[in-house]
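Novice: If you scroll down you'll find the structure; I have some questions about it.
The values are calculated or read from the model by the stated rules, or taken from the named source; none is laboratory data. Note that the coordinates shown come from a computational prediction; the quantities given were computed from them, not determined experimentally. Here Cβ is always computed from backbone atoms with ideal geometry, including for glycine, and neighbour counts include all displayed protein chains. Note: areas computed on protein heavy atoms with side chains; ligands, DNA, RNA excluded. Shrake-Rupley method; radii C 1.70, N 1.55, O 1.52, S 1.80 Å.
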Amino acid sequence: MTNTAKKWTSTKKRPLGERFWEKVHITSPCWEWQGSLTPRGYGLLQLGTGKKEYAHRIAWEMCYGDIPAG
């Protein structure tokens, strides 16, 4: 398991990826987040650790790996 995969492993009963993708409504060309939002409109998902993370960051790391510095 890569470091990125370990980072997003959920301690909840269902895997984080499963919980994440059920909250994404895919339309062309948009992918709309159906889960919790911040007051500024950013998607949020609670990790198994209790920490909340932005949905776009989870999506990037699940698809591409670590987010580049900068």
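Novice: Looking for something in a strand (DSSP E or B), open to solvent by 90 Å² or more (accessible area, probe 1.4 Å), of a type outside the set (K, R) and modelled with pLDDT of 90 or more - is there at least one such residue anywhere in region 5-24?
Specialist: Within region 5-24, the subset in a strand (DSSP E or B) is 24.
So of that shortlist, the ones also open to solvent by 90 Å² or more (accessible area, probe 1.4 Å) come out as none.
Checking region 5-24: not a single residue is in a strand (DSSP E or B), open to solvent by 90 Å² or more (accessible area, probe 1.4 Å), of a type outside the set (K, R) and modelled with pLDDT of 90 or more.
Novice: Does any residue in region 3-22 that is farther than 11 Å from L47 by Cα and of a type outside the set (G, A, S) come within less than 7 Å, Cβ to Cβ, of a residue that is surrounded by 12 or more Cβ atoms within 10 Å (Cβ to Cβ) and at pLDDT 90 or above six or more places away or on a different chain, and which pairs are these?
Specialist: Once the first residue is farther than 11 Å from L47 by Cα and of a type outside the set (G, A, S) and sits in region 3-22, its partners that are surrounded by 12 or more Cβ atoms within 10 Å (Cβ to Cβ) and at pLDDT 90 or above give T4/E61; T4/G65.
Novice: Okay, next question. Going through region 36-62 one residue at a time, which ones are open to solvent by 80 Å² or more (accessible area, probe 1.4 Å) and either at pLDDT 95 or above or assigned to a helix (DSSP H, G or I) (or both)?
Specialist: Selection gives L37, P39, R40, Y42, Y54, H56, R57, W60.
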